[in-house]
Structures are given as structure tokens and as C-alpha cells.
Amino acid sequence: MSKERQQRRAERERLAAAAAAERQAAAERQARRDARKQSVTKYLPANHSRQSGLLAEKKRREIMATGAVLVVLNVLIFAVARDWALTALLVVTSVLGAPILYLMLFRRD
């Protein structure tokens, strides 16, 4: 009986050693992956989560609406105007005039 217990114990220890070696290899792979990721992303700015309040959501909707109006306006200009210089001028003007349009659409008194 003692020899049988010894064999079972040896088998358990062998399996435990194999599992420990697999965990060690996985930890080394993860460490290499983290080092590669860190070396690539260390120059990028930190990723901040966006605000989720009611006012932030309202402002996002307003900015998206302003952007949608400008996109529609620029598509119409592109469809109607045949001169590339005029089209480029109006696109630049619409980008520079976006804050003014935003104030006109969503004035806060």
C-alpha cells in the first residue's frame, strides 16, 4: 500500500510541476506582451473616459447637431458649386464659422 501511495503522490507532484511550469510560461508570455505594449504606447496620451452627466450629454448632442448641419451644408455646396477653389473656400469658411453657428443654434441666455 505504501508503494502505491508513493506512486500516486509522485504522479500528483509531476502534474503539479507541469502545471506550475505552464503557469510560469504563461506569466512570461504575458510579461513580454505587456513590455511590447508599454514600449509602443508610452508616447501616447492617457485614455480618459468621457464625462457621462446630463450636461455633457446635452453638449455632445448640440455639437453633433452643429456638425451634421455643417456636413449637410458642405455636401450641398459640393453638389452645386463646380469651382474647386470656391468649394475649398466654403469648406474652410464653414469650419472656421462652426463656433459661430454653434452659438447661433444653441444660444444660452
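General remarks:
- Simple point charges give the picture: +1 on the Cβ of Lys and Arg, -1 on the Cβ of Asp and Glu, and for the chain a dipole about the Cα centre of about 740 debye.
- Extension reserve of the Ser39-Trp84 stretch, reckoned as 0.36 nm per residue once the Cα distance is removed: 11.8 nm
- For Leu15, the shell of other residues with beta-carbons less than 13 Å away shows a net charge of +2, using +1 for Lys and Arg and -1 for Asp and Glu.
- Net lengthening on full extension, Thr93/Leu76 (0.36 nm per residue, minus Cα-Cα): 4.7 nm
- Chain lengthening between Glu13 and Gln51 when straightened (0.36 nm per residue, less Cα-Cα): 8.4 nm
- Per the Cα gyration tensor, the chain maps to an equivalent ellipsoid with semi-axes of 66, 20, 13 Å, ordered largest to smallest.
- Convex hull volume of the Cα atoms of segment 59-109, normalised per residue: 61 Å³.
- Of every Cα-Cα pair in segment 1-43, the percent that sits beyond 13 Å: 66 percent
Coordinate-derived values only; no laboratory data. Not measured: the values here are computed from a predicted model. Please note: Cβ atoms are built from the backbone with ideal geometry, for glycine as well, and neighbour counts cover all protein chains shown.
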